[in-house]
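So that we are looking at the same thing, I have put the structure below in C-alpha cells.
The values are calculated or read from the model by the stated rules, or taken from the named source; none is laboratory data. Bear in mind the structure is a predicted one, so any value in this text is a computation, not a measurement. FYI the Cβ positions are ideal-geometry reconstructions off the backbone, even for glycines, and counts take in every protein chain you see.
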Amino acid sequence: MNKILQEKIMEAFASVLPITVIVIVASIIFVPMSAGVVMMFIAGAALLVIGMGFFTLGADMAMMPLGEGIGAQLSKTTSLFLALGISFVMGVIITIAEPDLQVLAGQLADSLNPWTLIVTVGIGVGIFLALAVLRVFFGVPLMVLLLIFYAITFGVAGYMLGTSDGAFIPVAFDSGGVTTGPITVPFMLAMSFGVASLRGDKNSKDDSFGFVALCSIGPILAVLILGLVKNINKVSGGDKIDIEAIATYTNRDVVMSFLHAFPETIKDVAMALAAIFVFFVIFQLISKRFKKRQVGRILVGFVYTFIGLVVFLTGVEVGFIPAGHLFGSELARSEVKWLLVPLSMIIGYFIVAAEPAVHVLNKQVEDVSQGAITQKVMNTGLSIGMSIALGITMVRILTGISIMWILIPGYAFALILSFFVPRIFTGIAFDSGGVCSGPMTSTFLLPLALGTCTGVGGDIMKDAFGIVAMVAMIPLVVIQLLGLVYGRTETVSQEEALSREKAGEIVVFDEQFVYI
C-alpha cells in the first residue's frame, strides 16, 4: 500500500511541479512577488501534492469498487423506478464531495452561498445519471441524447444572452467541467461498465461509455436555471484576498494561516463524505455485495479520501488561489500583459501532460484502437489542444470576447464529427471532457483568470469564468479527430485483410477490429 501511495504522490508531484516552476520563474522576471506570497504558494503546492496522492488512492480503493458494485446491482433489480431513484441519489451525493466543484463554488462565495451551487449541480448530475442508466437499459444511442440536450442547453443559454442573466452563462458551463473530477469520473466509469456489462448484447461495449458525457450536461442546465431564478450577474472575483497583508507574512504567519484553515476544511469535507459513507453502509447491508475483505479496503479508501481532500483543499484555499490571483492581476496591469497568452499556453501544455487522469484515458484509447492511436499521439494531441484552449481563453479575457462565440462552434463541430467516427469514440470523447479540467485547472488557472480579468478591469462573470468550460471542450474535438484517423486505418486494414483472404489466408473479423 505504501508503494502505491508513493506512486500516487509522485504522479501528483509531476502534475504540480510545472506550474510551480513556471510561476516562480515568471514572478522573478515579470511579476516580482513578496517572500510571503512565494512561501504561501510553495507551501500550498506541497500540500496539493500530498493531498492529491492520498485522494487519488482513496478514490481507487473506495469510489471505483462502490460505483461498479452499484452498477451491477442496478442491472439485477426488477424495479426500474428503484434503479433510477438510487442513481439519482448517488449522483447527488457523489457530486457534493467533488473538490473541483467546491473550489469553483468558493470563488462565488461573496454573491452566492457555495452550498446553493453545489446542491444545484448535484441535482443536475443526479437527474442525468438516472437518465444515463435508463439509456443503457433501453439501448438508446448516446448521440440522440447528446444532440437533444445540447440543443436545449444552448437554447436556454441563447435566451439568457438577451437578459441580465446572460452573465451567468460562463459559470454554468464551468460547472459542467468541474463536476467531472477525480471523485465523480472513477465512480461513473465503474458504474457504467457495471451496468453495461450485464446487458451482454453486441452494443454493450459501446454503451459502457457515455455516463460522464450526459452527467456533464446536467449541471450546465441546472446552473443556467439557477441563474434565471437567482438573477446573479455580479461577483467580487476574489477581492477579499488581502495581498498586502500576505506580503508581510513571516514563516510563522504562513504556518498559522494553514493551521487556521484546517478546522473549517475538515468540517466541510466531513459533511461531503458523510453522505457517501452512509449510502455505502445502507447499500452493503441491503445487497451484501462486498465481502469482508473488500469492505475493509473500501473503508480504508474512505479514510485516504478524507485525508487527501482536507490537505488538498487547504493547500488550494491558502496557497494557490491567492498566488494565482496575484500573478494574473499584476501581469495584466503591466505593459507586457500579452505575455499572459504564451505563458498560459506553456502552463496548459505541461498541465495536461502531467494529469493522472489523462494517462488513464490515453491507455484506454490505445487499447480500444488496438494500437492504431498510441498513448504518445493522444498525449501530444491533448497537450496541444489544452495549450490552444488556454491561449484562446486569455485572448478572450484581455479583449472581452463572449465565450459563446467559442463554445457554440466548438460543440457544434464536435457533434458533427460524431456522425463520421466509430461509435465507441463518441462515447470516449464526450466522457473525456472532464479529464483535462482536473484539479489544477480549478485550483490555479481559474484564480489566474480571475486575477487577469481584475487587472484589465473586465467583467468577472462574463470574461473570467468559462476557462474550465474551454478546457473541458478540447477533448471532444481532439479525440473525435483521432477517431477519424482510426476509422480510416480500420477501413484500410479491412480492405487489406479481404485481399489476403482472397489469396487464401485465414482472417477473423469482429465488430470493430481485424485479427490475422
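Looking for whichever is without any contact (Cβ under 8 Å) to a residue 12 or more places away in the chain and either in a helix (DSSP H, G or I) or closer than 24 Å to residue 296 by Cα (or both) here; the options are 81, 88. Which one fits?
From the options 81, 88, the qualifying one is 81.
Within the group 369, 383, 387, which residue is at pLDDT below 80 and either in contact with a helix residue (DSSP H, G or I) (Cβ under 8 Å, 6 or more places away or on another chain) or of a type in the set (A, V, I, L, M) (or both)?
369
Sticking with this one: How about segment 110-129: which of its residues are of a type in the set (A, V, I, L, M), part of a helix (DSSP H, G or I) and farther than 7 Å from residue 91 by Cβ?
Across segment 110-129, the qualifying residues are 117, 118, 119, 121, 123, 127.
What is the number of the single condition among (1) in contact with a Leu (Cβ under 8 Å, 6 or more places away or on another chain); (2) in a helix (DSSP H, G or I) that residue 31 does not meet?
(2) is the only condition that residue 31 fails.
Spot the failing condition for residue 335; the list is (1) free of Cβ contacts under 8 Å to residues at least 60 places away in the same chain; (2) assigned to a helix (DSSP H, G or I); (3) of a type outside the set (S, T, N, Q), and only one is missed.
It fails just one condition, (2).
When the residues of segment 102-138 are filtered to those that are among the β-branched types (Val, Ile, Thr) and more than 29 Å from residue 267 (Cβ to Cβ), which remaining residue is modelled with the highest pLDDT?
Within segment 102-138, the match that is modelled with the highest pLDDT is 133.
For residue 288, indicate whether it is at positive phi and at pLDDT 75 or above.
Against the criterion (at positive phi and at pLDDT 75 or above), residue 288 qualifies.
What tally of residues in segment 41-70 results from selecting those that are under 17 Å from residue 279 (Cβ atoms) and among the hydrophobic types (A, V, I, L, M, F, W, C)?
Residues meeting the conditions: 7.
Right, here's the next one. Might you let me know whether segment 395-410 holds any residue that is hydrophobic (A, V, I, L, M, F, W, C), farther than 22 Å from residue 343 by Cα and without any contact (Cβ under 8 Å) to a residue 24 or more places away in the chain?
Yes, segment 395-410 has at least one match.
Between a residue in segment 44-57 that is free of Cβ contacts under 8 Å to residues at least 12 places away in the same chain and any residue that is outside any helix (DSSP H, G or I) and surrounded by fewer than 24 Cβ atoms within 10 Å (Cβ to Cβ), which pairs come within a Cβ distance under 7 Å, given they are 6 or more apart or on different chains?
none
Within segment 223-232, does at least one residue satisfy the condition of being closer than 23 Å to residue 450 by Cα, outside any helix (DSSP H, G or I) and at pLDDT below 85?
Yes, that holds for at least one residue.
Just to confirm my filter: which helices (runs of 4 or more DSSP H) fall fully inside segment 400-489 and include at least 3 residues that are buried (at least 18 other Cβ atoms within 10 Å of the Cβ) and modelled with pLDDT of 85 or more?
404-417, 446-456
Going by the conditions given, is residue 387 surrounded by 15 or more Cβ atoms within 10 Å (Cβ to Cβ) and either within 19 Å of the chain's Cα centre (by Cα) or assigned to a helix (DSSP H, G or I) (or both)?
Criteria met by residue 387.
Taking the criterion of being within 27 Å of the chain's Cα centre (by Cα), over 18 Å from residue 58 (Cβ atoms), at pLDDT below 85 and outside any helix (DSSP H, G or I), would at least one residue in segment 241-257 satisfy it?
yes
Okay, moving on. Pick from segment 66-101 the residues that are hydroxyl-bearing (Ser, Thr, Tyr) and in contact with a Leu (Cβ under 9 Å, 6 or more places away or on another chain): which of them is surrounded by the fewest Cβ atoms within 10 Å (Cβ to Cβ)?
75
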